[in-house]
Structures are given as structure tokens and as C-alpha cells.
Amino acid sequence: MIGVLVVEDDFRVAQVHALFVAQVIGLEVVGVAHTAADALRLAAELKPDLVLLDSYLPDRPGIELATDLTADIFMVTADSSATSVRAAFAAGALNYLIKPFSSEQLTSRLRAYVRYRTLLGGQLEELSQQAIDRAVDALHDADRPPTPKGQSPVTARLVTSALRKAGEPRTAADLAAQLGISRATAQRYLAALADDGRAVLSLRYGSTGRPEHQYHWASR
């Protein structure tokens, strides 16, 4: 089982978060803390694998506390400032979820975390780049927008992964040849990625002068 420490100053909210964690197979709540001091003490005693960490704690900001924790961290907070988000990720947070959120929004991310740990947890040897990419993709699978109606989640993942790993602009024809799908299918999925901001569309002019759409993964 993967141990989770819930750090939340509001007693009722902490209980709700603990219930959400309990819904996810493979996770168990090992402790609940309401202050930064309690969080440090419990983290040292219980050695949790994951900490659900609020930013607003009475004795110390949660983002500062994150730098003193050796466990994986999910920030779960009402603080939506860009400065705080950048600071949280700089401190090592794996995810950032803004309150209020639904049970499914948290549990889907927790299930993704379980898959991530499963892919990495049993590995004793050095990992290949492909294995690392699979684990990272699994961790952030729940962060992505739902697949548009009429699209296949499997094809969407294939196109998304190929574009992310390309490292350079690709056309629909490029990805169609790589993935063994039709050009029209590749174009449809690439256009959807551009529509939701995950890909950037530009034009490439060939020898005939006709512009061709090309896409590259949006850096964030």
C-alpha cells in the first residue's frame, strides 16, 4: 500500500480529503496533520509516500514546508496565483489542484499517481527513456482534457505522445506515416490538440508554394 499524509488546517476538509484517498485502490491514509509542525513530525514518524499539502497553514506556508518533505507532494489548495504554482513545482510538487474540486478530480489524479508508482516502484535496474516517459505520461494522464466526442482515446494518446517526443514540428502526413493511420485522422487529432492549446500550429511552404500545416508541442 502507498501511504498518504493529509495536511489541511480545516478539520472537516481534511476528513473529506481522507475519504477521497480511501476511494483509491492502493492508497491508505497514514495520518492527518493540521499544522506545518505536525506535518513535519508525522512525516518523520510515518514516512508517507505522498503528501496532500494545503498552502494555507496557520504556522507556515505549505509551499515552504514542501522543501522540507522527502515524500512526493500534491498541492491541494485554494491558492491559484502563478507565483505559488511556480514555487510549488520548483519545490518538487508532482501536481497542483485548486479548491474547490470534485471527488473525481482528485481521485483520478491519485489513481494516476498509483499507476506512476507501479511503473517505477518495482524497478531496481536503470530505467530506459521509454520507461521514464511511460511513467510520466501515466502520472499526468488525469490532468489532460477529456477526449473530444467521436475521437478514440487510444489514437489520441498515440498522436499526443508522438508529437511530444518529436522535438520538432511535424505535419499530419509525418505522423500518419509514423503511426500507420490516415492523414485525415492525424490531421483531426492534431487540430484538436491545437484547439486546446497543447500544440502550436504554424505553416510550412513547400516547393510548390502551397502552405502545409505543421504542429509542435506547446512548451509550458
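Which angle from 0 to 90°, rounded to the nearest 10, does the C-alpha axis of helix 11-22 make with the longest principal axis of the chain? So the helix axis and the longest Cα principal axis differ by about 50 degrees. Quick one: with all protein chains in place, what share of the accessible area of the stretch 42-89 is carbon or sulfur, to the nearest percent (1.4 Å probe)? Result for the stretch 42-89: 54 percent of the exposed heavy-atom area is carbon or sulfur. Looking only at Ala138, Ala78, Ala184, which one moves most when the chain is put into a Gaussian network model with springs between Cα atoms under 10 Å? Maximum fluctuation in the GNM of the chain, among the listed residues, is at Ala184. Comparing Ser55, Ser84, Ser152 in a Gaussian network model of the chain where C-alpha atoms under 10 Å apart are linked, the largest mean-square fluctuation is found at Ser152.
Per residue, the convex hull spanned by the alpha carbons of the chain comes to 147 Å³. To the nearest ten degrees, helix 36-46 and the longest principal axis of the Cα atoms of the chain are 90 degrees apart. On a per residue basis, the stretch 32-97 carries 44 Å² of accessible surface, using protein heavy atoms and a 1.4 Å probe.
Give the residue from Thr107, Leu94, Thr118 lying farthest towards the positive end of the charge dipole for the stretch 58-126; charges sit on Cβ (+1 for Lys and Arg, -1 for Asp and Glu) and the dipole is referred to the Cα centre. Result: Thr107, furthest along the dipole toward the positive end. Amide hydrogen proximity for Thr171: with H placed 1.01 Å from N in the peptide plane, the residues at 5 or more positions away or on another chain lying under 5 Å are Tyr215. Averaging over all projection directions, the Cα-based convex hull of the stretch 1-132 occupies 8.2 nm² in the image plane. When only Cα pairs below 8 angstrom with a gap of at least 6 residues are kept, the stretch 29-166 shows a relative contact order of 15 percent.
The values are calculated or read from the model by the stated rules, or taken from the named source; none is laboratory data. Quick caveat: nothing in here was measured; it's all calculated off a predicted structure. Using ideal geometry, Cβ is built from the backbone for each residue, glycine included, and neighbour counts are taken over all protein chains shown. The area values use the complete protein model at the heavy-atom level, side chains included, leaving out ligands, DNA and RNA. Shrake-Rupley method; radii C 1.70, N 1.55, O 1.52, S 1.80 Å.
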